[in-house]
1. Can you give me the accessible area per residue for segment 176-290, using a 1.4 Å probe, in Å²?
2. Want the number for Asn490 to Glu327: 0.36 nm per residue separation, take away the alpha-carbon distance, what's left?
3. Give me the percent relative contact order of the chain, please, defined on Cα pairs under 8 angstrom at least 6 residues apart.
4. Per the 1.4 Å probe, what fraction of the accessible area of the chain, in percent, lies on carbon and sulfur atoms?
5. Take a quick pass over segment 150-286 and tell me how many lysine pairs come in under 16 angstrom between Cα atoms, counting only ones 8 or more apart or on separate chains.
6. From the phi angles alone, apply the Karplus equation (6.51, -1.76, 1.60; θ = phi - 60°) to segment 470-484 and give each ³J(HN,Hα) in whole Hz, x where the residue is Gly or Pro.
7. In terms of modelled amide H atoms, which long-range or inter-chain residues lie less than 5 Å from the amide H of Lys183?
8. With θ taken as phi - 60° and the coefficients 6.51, -1.76 and 1.60, list the Karplus ³J(HN,Hα) couplings across segment 486-496 in order, rounded to whole Hz; mark glycine and proline as x.
Amino acid sequence: MSFIQNAPEIHDPYESDLHLKKAIKWLLQKDPHKSEIEKDLKRFSKRIMSEVHSWAMEAEGNPPQHIPYSPWGKRIDEIKVSQGWKNLDALSAEEGIIELGYNPLNSTSGRIHQFLKIYLFHPSSAFYTCPLAMTDGAAKLIQVFLKREIGSAEKEQITNAFEHLTSRDPEKFWTSGQWMTEKTGGSDVAISQTRARKMGDHYELYGTKWFTSATTSQMCFTLARIEDDQGDVIDGSRGLSLFYVELRNEDGDLKNIRVRRLKDKLGTKALPTAEIDFDGTPGTLIGKPGEGIKNISHLFNITRIYNACTTVGSFKRLLQLAEDFSEKRVAFGKKLSAQPLHKRMLTEANVAFEKCFALTFFTVDLLQREETAERLGQSNETTSKLLRLFTPLAKLYTAKINMIWTSELLESFGGAGFIEDTGLPRFLRDSQVLTIWEGTTNVLSLDVLRAIQKEQALEVYLEEISKLISGDSHRAEIEKRLEKIKDMANSYGDDLEKWQYHAREFSFELCETAIAAIRPLAF
Ligand code: MFK
């Protein structure tokens, strides 16, 4: 009889994850809701195994289609998605994937609970986590603006949107896009060209957005330049303003939005990503004119944390599959798991994973701490500065390290890792986007500099890490690393070019040093 290799299998993501169980002790050590959260994660994990994963596979196998015209010639720009994708949308509402982060009753650990669920969900979500990331970012942005003085019409619209975005009712639940990227713009959002023309009490938007993820959403936040009475606009970042846009009218037709085409991407095949034209689309100005980038940063600072969290979710799933395979595959007379070099590779992959996980959930914990303090009316300035710094750090580090290990782990399946219908190559294709989305490694390294220069984030970083290692046996070693960071910073001095030239290695040094302090606490 011919030989048939046993395939690697997905295990229950909660039950099989010893890292997660240890990390829960770290993250929820004093939380009165710990056992409820564990129970919910356990139940959700079983649901992932029993139904969610198969919806994701269905969505992956049936990518979205753009239908520009109805059979009778009406321009409709329908984006047809699979039933699996629709089920993932309803599930996200039911499971409170967004609501958990905003329900004041969850004030001590709602964010941690939420991100642990995202971590479990992501590898079986067909990247439904992408619209969820932007939805959460939009809810956060609205929450920030509802605390400010804004006009009653804006307030009414965004209050209504917030209720939809944070709903647990699938019928009411909305997702949001974050449509920033233009042909000219890319990472350099400040050279975007979309214009906003004042028409009575609202604006009309004109321009092309070159990548719009989650084009099936009900709303988006976007950026445009407001024309003055002569039709002139202010160039550069100070000319961009933030707009809230509801995409469809009551009949479900797009409001003067044309879908040019869906993008033909390397990965994230189930996720609708499109080029769109605004052609007189009504938009509501949010915040002050000219503060668009600063205002939308409330949104993208959340999606960057999602990027890190989904990256560790993906890393874990591939690692679990590789470990399972190493128990099933026999070569050179022994299981792979018994081969010293293979064992070493898996051990090193586990260490790399732990480092990514620790950095990510330290950042999630900062978000939790910042929001809890805010709810209780306590001072949270230090936490906010730390969060401002750790958000780009966690995003850039996890995406890059995961990319390296995804390639290595695929290699551990031999030729099977290169064969599409094993489902394995998808990990490599999908991981690549995580280094690009929400700012490339270089752009985020420069954002680390922005946090250091504008928020004095390096000082609070040095203090925080010193505090964390006070009882650590590796204290001397980490103190040496902190000295190295100070030396690096001193050697760049006031030379901006030098800071920029070294921004990546400096960011990675900040990550590695922080991880050396955090990892022993987490595991
Ligand atoms: C499953 C995983 C989920 C992931 C979701 C995936 C969704 C995919 C959708 C996308 O990929 S959308 C596209 C993502 N694109 C980006 O993330 C853009 C990348 N480029 C940058 O981040 C640039 O650094 C940036 C556009 C912000 C540079 O803008 P500027 O205007 O050239 O920089 P400037 O002048 O330094 O900043 C303008 C203001 O914003 C300043 O404030 P002030 O007005 O008070 O001086 C900055 O301090 C502020 N700012 C910039 N970045 C900030 C920020 N504030 C807080 N946090 C930040 N990160």
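1. Details: 5040 Å² over 115 residues.
On a per-residue basis, 44 Å².
2. Numbers: separation 163, 0.36 × 163 = 58.68 nm, distance 5.01 nm.
Stretched out fully, the Asn490 to Glu327 stretch lengthens by 53.7 nm.
3. Details: 853 pairs, mean separation 74.9, N = 523.
For the chain, the relative contact order is 14 percent.
4. On the way: 11980 of 23280 Å².
Here carbon and sulfur together make up 51 percent of the probe-accessible area.
5. Details: Lys183/Lys209; Lys183/Lys263; Lys209/Lys255; Lys209/Lys263.
Count of close lysine pairs: 4.
6. The phi angles translate into 4, x, 8, 5, 8, 3, 4, 4, 6, 4, 4, 5, 5, 5, 4 Hz.
7. Trp210
8. 3J(HN,Hα) across segment 486-496, in whole Hz: 4, 4, 4, 4, 5, 5, 7, x, 9, 7, 4.
The values are calculated or read from the model by the stated rules, or taken from the named source; none is laboratory data. Please read these numbers as outputs of a predicted model, since none were measured by experiment. Glycine also receives a Cβ, built like all others from the backbone with ideal geometry; neighbour counts cover every protein chain displayed. Quick note on the areas: whole protein, heavy atoms, side chains included, nothing else; ligands and nucleic acids left out. Shrake-Rupley method; radii C 1.70, N 1.55, O 1.52, S 1.80 Å.
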